[in-house]
1. Quick one: what are the phi-derived ³J(HN,Hα) couplings along the stretch 84-92, Karplus 6.51/-1.76/1.60 with θ = phi - 60°, whole Hz, x for glycine and proline?
2. What ranking, highest mean first, results for peptides 37-49, 96-108, 54-66 when packing means the other Cβ atoms within 10 Å averaged over each residue?
3. Search the structure for amide H atoms under 5 Å from the amide H of L69, placed 1.01 Å from N in the peptide plane, and list their residues when 5 or more places away or on another chain.
4. Please list 3J(HN,Hα) in residue order for the stretch 29-37, calculated via the Karplus relation 6.51 cos²θ - 1.76 cosθ + 1.60 where θ = phi - 60°; whole Hz, with x for glycine and proline.
5. Do the sum for the chain: with -39,500 (n - 2.57) for every DSSP H run of n ≥ 4, divided by all residues, what is the mean residue ellipticity at 222 nm, to the nearest 500 deg cm²/dmol?
Amino acid sequence: MNQDIDQSLLPIVLQEICGLIGIQATMAIVQEYGGLRLYVPQEISQDHPLMRLVGVCNAIALADEFGGLTLEIPRAEAAIRRVRDTEIRTMSAALSHRELAIRYKTTERHIRRILAGYIHNNNQLELF
């Protein structure tokens, strides 16, 4: 899934991280820290969570670039949603709406909306 993400849909900070450590490691950070702040130390220890999450070389690269900063890690919802919707459209020939809803932890109605080409507008105001 990560290779399929359109990096232009990622928020700027994630595009910068992606350019530094690649899409796989960036999305691992999003999965772990999306919606949270992440402090990147200037000198990263061997037992730092980033070492385990993205590997030694990537963690050091992050410390070299962002050391001493606290990054707001976005959830990258638009990019992830685009990949999910594409997968749903592709798999719809082989799976029922029910099976797709179960697999993607959504409703059958939402699956039908995705397949019908419904596009969620993030700029639309909520009614309630």
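1. For the stretch 84-92, the Karplus curve yields 4, 5, 5, 4, 4, 4, 5, 7, 5 Hz.
2. Listed from highest to lowest mean packing, they are 54-66, 96-108, 37-49.
3. Residues meeting the criterion, in which the H sits 1.01 Å from N, are V40.
4. In residue order, the calculated couplings are 5, 4, 4, 7, 10, x, x, 10, 8 Hz.
5. Values: 7 runs with 68 residues, N = 128.
Computed mean residue ellipticity for the chain: -15500 deg cm²/dmol.
Taken together, the values in this text are just the output of simple stated rules run on the coordinates, not laboratory data. As the structure is a computational prediction, the values presented were derived from the model and not from experiment. FYI the Cβ positions are ideal-geometry reconstructions off the backbone, even for glycines, and counts take in every protein chain you see.
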